[in-house]
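Chemist: Take a look at this one; I'll ask things after.
The values are calculated or read from the model by the stated rules, or taken from the named source; none is laboratory data. All of these numbers come straight from a predicted model, not from anything done at the bench. In this analysis, Cβ positions are derived from the backbone assuming ideal geometry, glycine residues included, and neighbour counts consider all displayed protein chains.
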């Protein structure tokens, strides 16, 4: 079989199993998803601090309950007084189309923190039907059937 007869999904060959294992292990060391963050935050000791890197207007609009608000531009200055360096930091921003969480993660890493980015950000937190905190309380919307199982929060991965 030549590369021209292969479908587009496999025209570029997959890496060796060892290369794939190294890649995905590295990916999982840098990223976590909203379902895993949600499940971990339900524990007595989740093992991390969740940091919302968005601005004040976004924070007021709605946030993950239990998150710390620290916009990415203020991390270098304010993180040492707010975030325990012994804990892993998980950052989030609006969603996959926003680099605010990556900017925040970079700022924490430069300060010496162990850090991960929450893939999907606030967008996927809401789309998976997870609780959102505002000044008026905590609310939960419906699960988007394109991102999670209807009737149960989280992706059940």
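Chemist: Somewhere in segment 94-102, is a residue in contact with a strand residue (DSSP E or B) (Cβ under 8 Å, 6 or more places away or on another chain), surrounded by fewer than 20 Cβ atoms within 10 Å (Cβ to Cβ) and over 26 Å from residue 139 (Cα atoms)?
Modeler: For segment 94-102, residues in contact with a strand residue (DSSP E or B) (Cβ under 8 Å, 6 or more places away or on another chain), surrounded by fewer than 20 Cβ atoms within 10 Å (Cβ to Cβ) and over 26 Å from residue 139 (Cα atoms): present.
Chemist: Does residue 115 fit the bill of being within 15 Å of residue 94 (Cα to Cα) and at pLDDT 95 or above?
Modeler: Numbers: within 15 Å of residue 94 (Cα to Cα): no; at pLDDT 95 or above: yes.
For residue 115, the condition - within 15 Å of residue 94 (Cα to Cα) and at pLDDT 95 or above - is not met.
Chemist: Restricted to segment 39-64, and to residues that are in a loop (DSSP other than H, G, I, E, B) and over 14 Å from the mean Cα position of the chain (by Cα), which residue is nearest to residue 140 (Cα to Cα)?
Modeler: Step one: filter segment 39-64 for residues in a loop (DSSP other than H, G, I, E, B), giving 42-47, 53-55, 62, 64.
Now restrict to residues that are over 14 Å from the mean Cα position of the chain (by Cα): 42-47, 55, 62.
Details: 42: 16, 43: 19, 44: 22, 45: 23, 46: 21, 47: 24, 55: 22, 62: 11 Å.
Among those that are in a loop (DSSP other than H, G, I, E, B) and over 14 Å from the mean Cα position of the chain (by Cα), it is 62.
Chemist: When you check residue 35 against the structure, is it without any contact (Cβ under 8 Å) to a residue 12 or more places away in the chain and either under 22 Å from the mean Cα position of the chain (by Cα) or not in a loop (DSSP other than H, G, I, E, B) (or both), yes or no?
Modeler: Working: without any contact (Cβ under 8 Å) to a residue 12 or more places away in the chain: no; either under 22 Å from the mean Cα position of the chain (by Cα) or not in a loop (DSSP other than H, G, I, E, B) (or both): yes.
No.
Chemist: Please state which of the following conditions residue 113 fails to meet, knowing it meets all the rest: (1) out of contact with any strand residue (DSSP E or B) (no Cβ under 8 Å at 6 or more places or on another chain); (2) assigned to a loop (DSSP other than H, G, I, E, B).
Modeler: Checking residue 113 against (1) out of contact with any strand residue (DSSP E or B) (no Cβ under 8 Å at 6 or more places or on another chain); (2) assigned to a loop (DSSP other than H, G, I, E, B), the one that fails is (1).
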